[in-house]
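J.: Mind looking over this structure? Questions follow.
Just so it is clear, none of the values below were taken in a lab; they were calculated from the coordinates. A quick note: this is a predicted structure, and the numbers were derived from the prediction, not measured. Neighbour counts run over all protein chains shown; Cβ positions are idealised from the backbone, glycine included.
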Amino acid sequence: MGLIRSDDIQYKLEEINSTIGKKYRLEHPKKERDWRTYEQEFSRRIKMAMKDLDPLVNEAVSIMRIIHGPGHPHSLTIDQRVKLLLIKQLVGESNRMFANMLDIFSMISGIDVSYKTIERLYSDDEVITAIHNLHVLMLKKKGVKNSDATGDGTGYGLTVKKNYESYAQKLKELAKENPGKRDEKKDGTKKAKEHKKRLFAYSFTIMDLETRLYIAFGSSMKSERDAYDRAMDLLSSIGVEMDTIRLDRYYSSPSYMDRLGNTKVFVIPKKNATLNGSQKWKDTMKDFVENTMQYLEQYHQRSNSESGFAADKKMLGWNISQRREDRIDSALFCTGAWHNLFNMGRS
């Protein structure tokens, strides 16, 4: 097949919804999980994460040089604060409840703090810097320099309990039909946008397919797109290059693709997609039209992102108890750190 036309994209999308889609599902049936093996592997990885936590945190803190200004020094060392915050996020109790639980821990550790002290850890610059170092350190130890990646977004409940998955799907469908009006109410007011801010915190993660580690993540109270931008900012700062990435249809446009430079992108085009755009976009659409089955095999590795979110929420919960935006960001950064800690021991 030589040159393609915009009509070829539409025709191929129709085929995916009918003949090609059925053929793909027949040739790629969902694998049944062996729950006994899964639980054994899960238990092994948790034990390894707990074993690795102390030396990894100590190493992440050791490369920091802190110059303290006037005033009383913190009653806890940086490594104590980092471990305290991570454990708080893992346990998932309220700050007040967790502070009371520390009465038991203090018999062993000597740590005696209030719930306000724990809450302030979420906005402690030294602690957040150390967790950032921990993230980079884990990627380095797993040898992640270049990545075949997958990226996707999810959400965490804040003050109102509501099923995020169905809500987010409605938002994505609305965004596809009305680009640029993702956060607007039908009557054009900003009331809906403000309401959504109280409902969810958006999170976007980029996962390395080989190690299942998150190489970058971002969060936002505004939109998934803003969380995506923040994840990309983090990625650009840590020196990991993406060879390929798989993204949701929402990001299937020349503008998003061009921003990713030399990274090969696998996306399913929107219904109204054309060949208008950069050469990279044209090459991607040509690959989609001419090598559809192989293209779909690459694209559907996005399911690993969904599996990662499911594991995160099973372990750490669906809700975020913090109220300040900076502390919500820190809580979700801790979620990403725990995800990587639990996957450090993946064989």
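J.: Quick check: from the Cα gyration tensor, does region 275-347 come out rounded (a/c under 1.5), prolate or oblate?
T.: prolate
J.: A further question follows. Looking at region 210-318, I'd like the Rg to Rh ratio, where Rg is from alpha-carbon atoms and Rh is Kirkwood's inverse mean 1/r. Walk me through the numbers on the way to the answer.
T.: Numbers: Rg = 14.9 Å, Rh = 15.3 Å.
Taking Rh as the inverse mean 1/r over Cα pairs, Rg/Rh reads 0.97.
J.: Tell me which residues come under 5 Å, amide H to amide H, from Phe266 once H is placed; ignore anything under 5 positions away on its chain.
T.: Under 5 Å from the amide H of Phe266 lie the amide H atoms of Ile245, Arg246, Leu247, each far enough along the sequence or on another chain.
J.: Additional query: Given the pairs Lys51/Lys116; Lys31/Lys271; Lys145/Lys264; Lys88/Lys141; Lys83/Lys116, which span a C-alpha to C-alpha distance of over 20 angstrom in this model?
T.: Listed pairs above 20 Å: Lys51/Lys116; Lys31/Lys271; Lys88/Lys141.
J.: Would you list Arg346, Arg36, Arg323, Arg225 from fewest to most Cβ contacts within 10 Å? Before the final figure, lay out each step's value.
T.: Details: Arg346 14, Arg36 8, Arg323 11, Arg225 18.
Listing Arg346, Arg36, Arg323, Arg225 from fewest to most nearby Cβ atoms yields Arg36, Arg323, Arg346, Arg225.
J.: Here is a further query. From Cα pairs below 8 angstrom and at least 6 apart in sequence, can you work out the relative contact order of region 245-302, rounded to a whole percent? Display every interim value, and only then the final one.
T.: Details: 56 pairs, mean separation 23.5, N = 58.
40 percent.
J.: So what J values fall out for region 242-250 if you push phi through Karplus, 6.51 cos²θ - 1.76 cosθ + 1.60 with θ = phi - 60°, rounded to Hz, Gly and Pro as x?
T.: Rounded to whole hertz, the list is 9, 7, 9, 8, 10, 10, 5, 4, 4.
J.: Name the shape class, rounded, prolate or oblate, that the alpha-carbon gyration tensor gives for region 266-307, where a ≥ b ≥ c are the square roots of its eigenvalues, rounded holds for a/c under 1.5, and otherwise prolate holds if a/b is larger than b/c and oblate otherwise.
T.: prolate
J.: Further, regarding this structure: What does the highest-first list of 211-223, 284-296 look like by mean Cβ count within 10 Å?
T.: Details: 211-223: 22.5, 284-296: 17.2.
Answer by packing, highest mean first, reads 211-223, 284-296.
J.: Just want the ordering: Ser18, Ser305, from fewest to most Cβ atoms lying within 10 Å of their own Cβ. Numbers along the way, then the final one.
T.: On the way: Ser18 9, Ser305 24.
Fewest-to-most ranking of Ser18, Ser305: Ser18, Ser305.
J.: Taking square-rooted eigenvalues a ≥ b ≥ c of the alpha carbon gyration tensor, is region 200-265 rounded, prolate or oblate, where a/c under 1.5 means rounded and, failing that, a/b exceeding b/c means prolate? It would help to have the intermediate numbers written out before the result.
T.: Values: a/c = 1.59, a/b = 1.15, b/c = 1.38.
Here region 200-265 falls in the oblate category.
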